[in-house]
Structure formats: C-alpha cells, structure tokens
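J.: Dumping the structure here so I can ask a few things about it.
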Amino acid sequence: MSGIFHEREQSYEAKFAHDEALRFRIRARRDKLFARWAAAALGLSDEQTEAAVRDVLAIKDGPDHDQALKGHVRQMLQDHPQGSETSLSLAMELCLKEARAQLGGAVP
C-alpha cells in the first residue's frame, strides 16, 4: 500500500518539476519575443536586436521580474509612441500567448 502512495508522490513531484520547467521556458521565450518586439519598433539592426535580447535575458528572475522587464523595455522605447504602459502591457501579453503557442504549454 505504501508503494502506491510513494509512486503517487513521485508522480506529483515529477509533474510539478515539469510544470515549473515549462513555466521558465515560456517566460524566457516571452521575454525574447518582447525584446524583439521592442527592437522591431525601434528599427534596430540584427546585431542590436540580439544585444537587446541578451540584455533582457540578463534581467534577474524573481518576484519583480515582470516589472523590471517592462521598465527595461520602457527605457529602450523612451520617446517612442509604443513606450506607453498600455502598449507595453498589451505587447507583453501577446508575447506570452505566442510563447505558449510556440512551446505548446498551457501551465496552470
């Protein structure tokens, strides 16, 4: 009987680890897409775009990650019409949906 509970526990732990890894990959993909969106709005070259993506991926992960990400992109887009809070929030949400679609993950 305890073997069944142990297997069930391991199954839940494996699912949790899988879901967390998927969340991380989706967030990283979203961040890349968001950086590329900002670079496209600014008309940056391929090299500048890749540098912007590297800068965005260097933002420390944590509870304030999304705000730090928006702040960084807002700084990139200062004096640009797409740098408004509404535009940034909408673009970030669209990038999240695209990242989920690309990675095939709907994590709870």
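Each value in this text was obtained by applying a stated rule to the coordinates, not by laboratory testing. In this text, all values refer to a predicted model and were calculated from it rather than measured experimentally. Neighbour counts run over all protein chains shown; Cβ positions are idealised from the backbone, glycine included.
J.: How many of the residues in segment 1-38 are of a type in the set (Lys, Arg) and more than 29 Å from Leu90 (Cα to Cα)?
T.: So the answer is 2.
J.: Does any residue in segment 79-96 that is under 13 Å from Ala35 (Cβ atoms) and without any contact (Cβ under 8 Å) to a residue 60 or more places away in the chain come within less than 8 Å, Cβ to Cβ, of a residue that is in a helix (DSSP H, G or I) and hydrophobic (A, V, I, L, M, F, W, C) six or more places away or on a different chain, and which pairs are these?
T.: Close Cβ pairs (under 8 Å, with a partner that is in a helix (DSSP H, G or I) and hydrophobic (A, V, I, L, M, F, W, C)) amount to Leu88/Val73; Ala91/Phe34; Ala91/Trp37; Ala91/Ala38.
J.: Applying the selection to segment 39-60, what residues are touching a residue at least 12 places away in the same chain (Cβ under 8 Å) and not hydroxyl-bearing (Ser, Thr, Tyr)?
T.: Ala39, Ala41, Leu42, Ala52, Val53, Asp55, Val56, Leu57, Ile59
J.: Could you check how many residues of segment 16-67 are hydrophobic (A, V, I, L, M, F, W, C) and closer than 17 Å to Ala101 by Cα?
T.: Residues meeting the conditions: 8.
J.: Also: If you scan segment 53-69, which residues turn out to be of a type in the set (D, E, K, R) and within 17 Å of Ala40 (Cβ to Cβ)?
T.: Arg54, Asp55
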